[in-house]
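Working notes for the structure below.
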Amino acid sequence: MLNLLRRGAPGFEPQTELAGWAPPPDAIWLDFLNPTREEELAVEAALGLELPTPEEMAKIEPSSRLYQESGATFMTATLLARAEAGPTGVPVTFVLAKGLLITLRYDDLRAFSVFAARAPGQGVASGASALFGLLDAVIERLAAILEETGENVESASAAIFRRPKGQQFEALLTDLARAQSVTSLIRGSLVSLARLFSFAALAPEIIADRDCAAHLKSLQRDGQSLTEHAGFHTSQITFLLDAALGLINIEQNGIIKFFSVAAVIFMPPTLVASIYGMNFHHMPELDWRLGYPMALSIMAGSIIAPLLWFRRRGWF
């Protein structure tokens, strides 16, 4: 799908007629979403560019993601998609060429929809300003996801340290694992955006515009602060995972200690019962009137003595 945003227009215009297609003079943004080969060829012929393929976008080498060609600046970054259900990182290419912003993506991203809706009210007048407005929306989206993840981590922290004794840890560990996965994806996205910001400073459209250069520095600061915040969340999640595993080990040790104490307590009575349960004819206590009370007393004493000793040592 090829959508076009004109200067001052209320929203995207789908481009369906591609025969002899050319961008109108007031166009500022061309957005490809799951483009067909026909759409790519029409834009390439109109602008004299060669757009990257999905395979080229997925490469991680800087030379494949950040380059200038035919007077255009190509920048690819990894953005977060489907954050609500199964988040994943997807490559998105931004191209500045002939006063236009061209975006190439193969997944629906909320930041693009948000910016497309508010771009007319922001007075976006050029491809460079559209790029930075879109990157603002991307950073805001990452910040919102990171904030939501932080709230989930705080909830998990409270649940771990205030949970009733004996409650299972499976759900908490699953929540922490998901938070770690999302945070890791966010950090990876921010790293790729930081590289994009550095390379964007070389674009002729940005060098010639002081406002865009200042906006770029603001984006770099925002990206750096979010990277540090994501690092804090990572260390916090690691601590909580270690704490949860430590509590699990403590509970397991308590269970093992209980059964160990029970085994030691009942071992002497079992020994006494085993001796007097033997079917020998010549056992003195068998004909003794006090033999039965004596055996019970020995069993009771062999139970009480270990209990008192364990309690004195603080083991039970």
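Miscellaneous remarks
- Leu146 under 10 Å from the mean Cα position of the chain (by Cα) and more than 30 Å from Leu219 (Cβ to Cβ): no
- Selection of first residues in region 123-144 that are on the phi > 0 side of the Ramachandran plot and of second residues that are buried (at least 20 other Cβ atoms within 10 Å of the Cβ), restricted to Cβ pairs under 9 Å at least 6 apart or on distinct chains, gives the following pairs, ordered by first then second residue: Gly123/Ser129.
- Residue in region 277-287 that is hydrophobic (A, V, I, L, M, F, W, C), modelled with pLDDT of 75 or more and surrounded by fewer than 13 Cβ atoms within 10 Å (Cβ to Cβ) present: no
- All positions within region 59-84 that are modelled with pLDDT of 85 or more and outside any strand (DSSP E or B): Arg65, Gly71
- Test result for Ala111, among the small types (Gly, Ala, Ser) and touching a helix residue (DSSP H, G or I) at 6+ places or on another chain (Cβ under 8 Å): yes
- Candidate set: region 54-69, residues that are among the polar types (S, T, N, Q) and surrounded by 12 or more Cβ atoms within 10 Å (Cβ to Cβ); chosen: the one nearest to Ser181 (Cα to Cα): Ser64
- From the list Asp211, Asp222, the lone residue that is in a helix (DSSP H, G or I), modelled with pLDDT of 90 or more and of a type in the set (Asp, Glu) is Asp222.
- Considered as a group, the residues in region 88-110 that are closer than 17 Å to Arg187 by Cα and touching a Lys or Arg at 6+ places or on another chain (Cβ under 9 Å) include one that is modelled with the lowest pLDDT, and that residue is Thr88.
- For region 129-143, the criterion of being surrounded by fewer than 21 Cβ atoms within 10 Å (Cβ to Cβ) and either in a loop (DSSP other than H, G, I, E, B) or outside the structural domain of Leu66 (by TED's automatic domain parsing) (or both) is met by no residue.
- The residues of region 77-128 that are acidic (Asp, Glu) and either crowded, with 20+ Cβ neighbours inside 10 Å or closer than 22 Å to Leu5 by Cα (or both), listed by number, are Asp107, Asp108.
- Any hit, region 241-250, residues being surrounded by 13 or more Cβ atoms within 10 Å (Cβ to Cβ), among the β-branched types (Val, Ile, Thr), under 30 Å from the mean Cα position of the chain (by Cα) and farther than 30 Å from Leu79 by Cα: yes
- Across region 34-53, not a single residue is classified as in contact (Cβ under 8 Å) with a residue 60 or more places away in the chain, among the charged types (D, E, K, R) and surrounded by 15 or more Cβ atoms within 10 Å (Cβ to Cβ).
The values are calculated or read from the model by the stated rules, or taken from the named source; none is laboratory data. Please read these numbers as outputs of a predicted model, since none were measured by experiment. Cβ atoms come from the backbone with ideal geometry, glycine included; neighbour counts cover every protein chain shown.
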